[in-house]
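Presented below is the structure to which this report refers.
The values are calculated or read from the model by the stated rules, or taken from the named source; none is laboratory data. On a predicted model such as this, the values are computed, not experimentally measured, just so you know. Reconstructed Cβ throughout: ideal geometry from the backbone, glycine too, with neighbour counts over all protein chains shown.
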Ligand SMILES: *Cc1c(COP(=O)(O)O)cnc(C)c1O
């Protein structure tokens, strides 16, 4: 029937095709008793490192842990400033604060909504240690420009790749993949992410063996050898059942990302040149994995448009309604309204449309028709 509700995401539909494989993997772990650590963890880490083209992957409890442990692994701490985008999920800045450093939130490009390299450059000061480009909505940030300015100013680069598992971009004739670009990259396996666990999860990828070793130690109470605590760390390990299930999902991730791209292509085709609506630009050479499908509408019309879609049974969301520098938790930074005008304006314009691999093309068409009618 044509008026079945269209959810924003459908995690149950995502589980269905591999349900038996997941249950078998869980049963195997129940029978071995290796619930924390054990072979499933190392196997997933090796497979995920291979997928990203990174020499090392270290699994951790959450994406926020991945950011925090990566920052600490890169030597970021109290007294340091870390530059990141104002329009990310709160955790990007939160992890910087948890590491003891100070987030410096900068504006984004108006077309792609990823961090603006020029804004990064002008925010660099004597205490800047690190830049955290966010591969927002599944598209790689301007990594070429950011790597160049980081090299010039001797800054570490930590990719926030929580929304970009498998995203690529052609840089200087070479294809680079999220997770194999900066000094380290942080991934989240929160259930709604492109690669999602059945619970919380995260990982850090890096080419630096020293950073990988430090993160392995930090996630396990700072232990070197057993009962030998070299520093104060965290309990931030990823459990074996999650790793075993993630290995199964990872084997199907390219397929799922390709499906997201096909759905995005249909949205783009149907919504191009629609007056009163803007799409997020795709950078030349970038292959986005569409964690989210974003459209921008005129400020002041958003609620009415979302209400009209809701009446048609179409669920939407907003990512994110308030930029990080305007959150109460960061009032003390003193970055008031007007400090990141593009991010602030985008926050009032954006609508996230339904996007998940099991969404049908006819559902996309229905969303586009409803948007056209609402506009
Ligand atoms: C989801 C997300 C995080 C945090 O990951 P958790 O696993 O929820 O802790 C960080 N940054 C971005 C951009 C995210 O989307």
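Look at (1) more than 12 Å from the ligand (Cβ to nearest atom); (2) within 15 Å of residue 157 (Cα to Cα) and you find that residue 109 fails only one, number (2). One residue alone among 90, 48 is within 15 Å of the ligand (Cβ to nearest atom), surrounded by fewer than 20 Cβ atoms within 10 Å (Cβ to Cβ) and in contact (Cβ under 8 Å) with a residue 12 or more places away in the chain, and that residue is 90.
For the structure I just gave you, tell me whether residue 84 is within 16 Å of the ligand (Cβ to nearest atom) and assigned to a helix (DSSP H, G or I). No.
Residue-by-condition table, conditions (1) in contact with a helix residue (DSSP H, G or I) (Cβ under 8 Å, 6 or more places away or on another chain); (2) within 16 Å of the ligand (Cβ to nearest atom); (3) in contact (Cβ under 8 Å) with a residue 24 or more places away in the chain:
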| position | (1), (2), (3) |
| --- | --- |
| 185 | yes, yes, yes |
| 209 | no, no, yes |
| 230 | yes, no, no |
| 241 | yes, no, yes |
| 248 | yes, no, yes |
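Tell me yes or no: at least one residue of region 209-224 is modelled with pLDDT under 95 and over 28 Å from residue 138 (Cβ atoms). Looking through region 209-224, at least one residue is modelled with pLDDT under 95 and over 28 Å from residue 138 (Cβ atoms).
In a strand (DSSP E or B) and either within 15 Å of the ligand (Cβ to nearest atom) or not assigned by TED's automatic domain parsing to the domain that holds residue 331 (or both) - does that describe any residue in region 59-79? Among the residues of region 59-79, at least one is in a strand (DSSP E or B) and either within 15 Å of the ligand (Cβ to nearest atom) or not assigned by TED's automatic domain parsing to the domain that holds residue 331 (or both), which makes the answer yes. In region 113-145, the qualifying residues are those that are assigned to a helix (DSSP H, G or I) and within 16 Å of the ligand (Cβ to nearest atom), and the one that is surrounded by the fewest Cβ atoms within 10 Å (Cβ to Cβ) is 143. Of the helices (runs of 4 or more DSSP H) lying entirely inside region 266-375, the ones with 2 or more residues being within 21 Å of the chain's Cα centre (by Cα) and buried (at least 18 other Cβ atoms within 10 Å of the Cβ) are found at 341-349.
On inspection, residue 157 qualifies as modelled with pLDDT of 95 or more, in contact with a helix residue (DSSP H, G or I) (Cβ under 7 Å, 6 or more places away or on another chain) and part of a strand (DSSP E or B).
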